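> Submitted below is the structure of interest, expressed as structure tokens.
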Amino acid sequence: MIDFKIDSRIAGTIYEAVHLAGGGAWKENADVKAKGEKRILKSLPDDPRITWSEWRARPEVFENQTCSRGADCQRFAGEVRQIAQDHLGVLWFAIG
């Protein structure tokens, strides 16, 4: 929010709202993941204002690779982090 010059009072309000109401989003994320929604991105949006609903409607942005817990998953997560850092300077990907 600092990069977008959001007033600190507004940022604090947003933080508190997410903190208080975020449980519903975690449950929804778990539900859609259980139904098979892909959650690993292979490309990142150029526009930080794009919504998740808009982004997930683009099947070409998702990685087909899946990983189980363990070394393969950790290696893949590291690759995703590096791509995010190289292209955006920040880590922006779906967690779930």
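Taken together, the values in this text are just the output of simple stated rules run on the coordinates, not laboratory data. Note that the coordinates shown come from a computational prediction; the quantities given were computed from them, not determined experimentally. Cβ placement follows ideal geometry from the backbone for every residue including glycine, while neighbour counts extend to all protein chains displayed.
> I'd like the Karplus ³J(HN,Hα) series for the stretch 10-23: coefficients 6.51, -1.76, 1.60, θ = phi - 60°, whole numbers in Hz, and an x wherever there's a Gly or Pro.
Computed from phi, the couplings for the stretch 10-23 are 5, 4, x, 5, 4, 4, 5, 5, 5, 4, 6, 10, x, x Hz.
> Take Thr13 and Glu63, extend 7 Å from each Cα along the Cα→Cβ direction, and tell me the distance between the two endpoints in nm.
Spacing of the two 7 Å Cα→Cβ label points: 3.8 nm.
> Quick check: pseudo-label points 7 Å beyond the Cα along Cα→Cβ at Lys5 and Leu20, how many nm apart are they?
Result for the modelled spin labels: 2.9 nm.
> Under a 5 Å amide H to amide H cut-off, with H placed in plane at 1.01 Å, what residues pair with Leu41 once short-range neighbours are removed?
Here the answer is Glu63, Ala94, since their amide H atoms fall under 5 Å of that of Leu41.
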